[in-house]
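K.L.:
One structure is given below, represented as structure tokens, and several questions about it will come after.
The values are calculated or read from the model by the stated rules, or taken from the named source; none is laboratory data. These figures come from a predicted structure and were not determined experimentally. For neighbour counting, all protein chains shown are included, and Cβ atoms are generated from backbone atoms with ideal geometry for every residue, glycine included. These accessible areas exclude ligands, DNA and RNA; they are computed on the full protein's heavy atoms, side chains included. Shrake-Rupley method; radii C 1.70, N 1.55, O 1.52, S 1.80 Å.
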Amino acid sequence: MGIANIYRITGTALNSHSKQLDLIAKNMANSQVISGSEATAYRALRPIFTPILDATMQGDEVMGVQVEALGVSTAQIEKQRMPEHPLADGNGYVYLANVNMVEEMTNMIQASRAYQSNVEVMNTSKDLMLRTLTLGQ
Amino acid sequence: MSLLDTAFGVSPLTLRYRSERSAQLAANIANAATPGYLAKDYDFDSALRHAIAGSESTLHSEHPHHIPVQGQGEFGDTLYRVPTKAVSNGNTVEEEIEQAAFSENALRYQSSLQFLNGSIRSLRLAIKGE
């Protein structure tokens, strides 16, 4: 490990958080999607972060973060009575997406802040490396 | 040990320690949202003890298939950080603390560079005699 590895570590973090922002955009875009059954209703997607481990002499070293899988929100699917809707089921119900706008917004702020701090780490490391390159001049 | 190895004092070792530590802190910041991730950091005291003890206290392996001693890095152990607040997903990264530690570490890296530059200047002066 060392400063040269920071680009790899922070790069994976930037990638993971931009994936998270992607998912949030997808959730918000689909927040008004109406569906004909509970099974097909849109469920909010969530990234599942796991650390990237690299086995070394000293045990496992963390080499970044990855979105290992996508999970779906288990929040309850709301149904609404809309008998005139073309997608309504036999009882006249349609099923709404379980996207909570407030939750998505807070997740978005958190993701963009995490992205920013990783960019900051990258910038600082770049400065340090540039200064090291000019050592003794 | 050649003359040049000792001419720069502890600065090269400090630089290596600072660079290792910055990577560890970057890994913490990268995993600020990972559930169950436990933040780790180097312990300066144990790194210093390791540096003073030198290579005598560490075990050398003579064969690539020897089982390495766990948790005995060049700069001592990395220790788990004790969080100041509890989070429901078990993550112990506290963004502010990691950021503060990272910038402190960067500053100390720069001061080591400064010291090294000073030593190099002195050596140059001695060589040229101007």
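K.L.:
Against the definition (open to solvent by less than 70 Å² (accessible area, probe 1.4 Å) and at pLDDT 90 or above), how does B:ASN105 come out, yes or no? Lay out the reasoning, then the answer.
P.N.:
On the way: open to solvent by less than 70 Å² (accessible area, probe 1.4 Å): yes; at pLDDT 90 or above: yes.
It is true that B:ASN105 is open to solvent by less than 70 Å² (accessible area, probe 1.4 Å) and at pLDDT 90 or above.
K.L.:
Let me ask something else. For A:VAL94, indicate whether it is away from every other protein chain (no Cβ under 14 Å), on the phi < 0 side of the Ramachandran plot, open to solvent by less than 80 Å² (accessible area, probe 1.4 Å) and assigned to a strand (DSSP E or B). Write out each step before concluding.
P.N.:
Details: away from every other protein chain (no Cβ under 14 Å): yes; on the phi < 0 side of the Ramachandran plot: yes; open to solvent by less than 80 Å² (accessible area, probe 1.4 Å): yes; assigned to a strand (DSSP E or B): yes.
Yes: the conditions hold for A:VAL94.
K.L.:
Quick one: is A:VAL121 in a strand (DSSP E or B) and either over 30 Å from the mean Cα position of the chain (by Cα) or surrounded by 14 or more Cβ atoms within 10 Å (Cβ to Cβ) (or both)? Outline the logic, then answer.
P.N.:
Numbers: in a strand (DSSP E or B): no; either over 30 Å from the mean Cα position of the chain (by Cα) or surrounded by 14 or more Cβ atoms within 10 Å (Cβ to Cβ) (or both): yes.
Considered against the rule, which asks whether it is in a strand (DSSP E or B) and either over 30 Å from the mean Cα position of the chain (by Cα) or surrounded by 14 or more Cβ atoms within 10 Å (Cβ to Cβ) (or both), A:VAL121 comes out as no.
K.L.:
Just to be sure I understand the filter: pairs with C-beta atoms under 6 Å, separated by 6 or more residues or on different chains, first member in segment A:37-52 and farther than 14 Å from B:GLY36 by Cβ, second member aromatic (Phe, Trp, Tyr). Which pairs pass?
P.N.:
Note: pairs meeting the criteria are A:GLU38/A:TYR95; A:ALA41/A:TYR95.
K.L.:
Looking for whichever is part of a loop (DSSP other than H, G, I, E, B), surrounded by fewer than 18 Cβ atoms within 10 Å (Cβ to Cβ) and more than 15 Å from the chain's Cα centre (by Cα) here; the options are B:ALA86, B:ALA100, B:ALA126. Which one fits?
P.N.:
Details: B:ALA100 fails: part of a loop (DSSP other than H, G, I, E, B); B:ALA126 fails: part of a loop (DSSP other than H, G, I, E, B).
Checking each option against the conditions leaves just B:ALA86.
K.L.:
Turning to a different aspect of this structure: Across segment B:78-130, what is the number of residues that are in contact with a strand residue (DSSP E or B) (Cβ under 8 Å, 6 or more places away or on another chain) and within 10 Å of chain A (Cβ to nearest Cβ)?
P.N.:
Applying the first criterion (in contact with a strand residue (DSSP E or B) (Cβ under 8 Å, 6 or more places away or on another chain)) to segment B:78-130 yields B:78-81, B:92, B:101.
Cutting the leftovers down to within 10 Å of chain A (Cβ to nearest Cβ) gives us B:78.
Count: 1.
K.L.:
Looking only at segment A:97-134, filter to residues that are in contact (Cβ under 8 Å) with a residue 60 or more places away in the chain and more than 23 Å from B:ARG21 (Cα to Cα); which one of those is farthest from the other protein chains (Cβ to nearest Cβ)?
P.N.:
If we take residues in segment A:97-134 being in contact (Cβ under 8 Å) with a residue 60 or more places away in the chain and more than 23 Å from B:ARG21 (Cα to Cα), then A:ALA97 is farthest from the other protein chains (Cβ to nearest Cβ).
K.L.:
A:ALA88 passes all but one of (1) open to solvent by 70 Å² or more (accessible area, probe 1.4 Å); (2) among the small types (Gly, Ala, Ser); (3) assigned to a loop (DSSP other than H, G, I, E, B); which number fails?
P.N.:
(1)
K.L.:
When segment A:2-54 is examined, which residues are found to be part of a strand (DSSP E or B), in contact with a helix residue (DSSP H, G or I) (Cβ under 9 Å, 6 or more places away or on another chain) and under 30 Å from B:THR14 (Cβ atoms)? Break it down into steps so the answer makes sense when it comes.
P.N.:
Residues of segment A:2-54 part of a strand (DSSP E or B): A:34-35, A:45-54.
Okay, now just the ones that are also in contact with a helix residue (DSSP H, G or I) (Cβ under 9 Å, 6 or more places away or on another chain), so A:45-47, A:49, A:51-52.
Selection gives A:PRO51, A:ILE52.
K.L.:
Are any of the residues in segment A:22-43 open to solvent by less than 40 Å² (accessible area, probe 1.4 Å) and more than 30 Å from A:VAL94 (Cα to Cα)?
P.N.:
no
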